[in-house]
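Peer 1: Got a structure for you, questions after.
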Amino acid sequence: MFTFTINSIAPILTTSEHTVLEAMESAGLQAEYHCRDGHCGACRCELVNGEIEETGFKMAYTSANEILPCISKAKSNLVLSKVNYQIKAKSA
Ligand code: FES
């Protein structure tokens, strides 16, 4: 079980089975994405601390400290910044 700290305010728990994007969605965060397979770069964010494993082929440009959450799985607790997300509205 790993903990993600998102933009310094939203700690969430996840396992290594899910991508970082899936973990954020499970926690109720509506993170920005488009392709979900490493091509568009819409999900790009900054990895401040921690270790990830890329599970897909990265086509989108990222700088040295950026990751693509849609094709990344946690290998440790993660601290992420510059994540673009909204809180999902609860349905009745
Ligand atoms: S959603 Fe397109 S690269 Fe992640």
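The values are calculated or read from the model by the stated rules, or taken from the named source; none is laboratory data. Keep in mind it's a predicted model, so treat the numbers as computed, not measured. Backbone-built Cβ (ideal geometry, glycine too); neighbour counts: all protein chains shown.
Peer 1: Output the residue which, of all residues in the stretch 27-72 that are among the polar types (S, T, N, Q) and in contact with a strand residue (DSSP E or B) (Cβ under 7 Å, 6 or more places away or on another chain), is nearest to the ligand (Cβ to nearest atom). Before you say what the answer is, go through the steps one by one.
Peer 2: First pass over the stretch 27-72, keeping only residues among the polar types (S, T, N, Q): 30, 49, 55, 62-63, 65, 72.
From what's left, in contact with a strand residue (DSSP E or B) (Cβ under 7 Å, 6 or more places away or on another chain): 30, 49, 55, 65, 72.
Details: Gln30: 13, Asn49: 21, Thr55: 12, Asn65: 16, Ser72: 9 Å.
This residue is Ser72.
Peer 1: In the stretch 1-48, what residues are aliphatic (A, V, I, L, M), over 24 Å from Ala60 (Cα atoms) and buried (at least 16 other Cβ atoms within 10 Å of the Cβ)?
Peer 2: Ala10, Ile12, Ala27
Peer 1: Name the pairs: first residue in the stretch 2-27 and under 12 Å from Ser81 (Cα atoms), second residue crowded, with 22+ Cβ neighbours inside 10 Å and of a type outside the set (Asp, Glu), Cβ to Cβ under 6 Å, at least 6 apart or on different chains?
Peer 2: Filtered contacts from the stretch 2-27: Phe4/Leu78; Ile6/Leu80.
Peer 1: Based on what the data block shows, is Asn49 within 18 Å of Ser16 (Cβ to Cβ), touching a Phe, Trp or Tyr at 6+ places or on another chain (Cβ under 8 Å) and not small (Gly, Ala, Ser)?
Peer 2: No, not satisfied.
Peer 1: Counting residues that are modelled with pLDDT under 95, which strands (runs of 3 or more DSSP E) fully inside the stretch 18-92 reach at least 2? Don't jump to the end; show me each part of the working.
Peer 2: Working: elements: 29-31, 45-49, 52-54, 72-74, 78-81, 85-87.
Ranges flagged: 29-31, 85-87.
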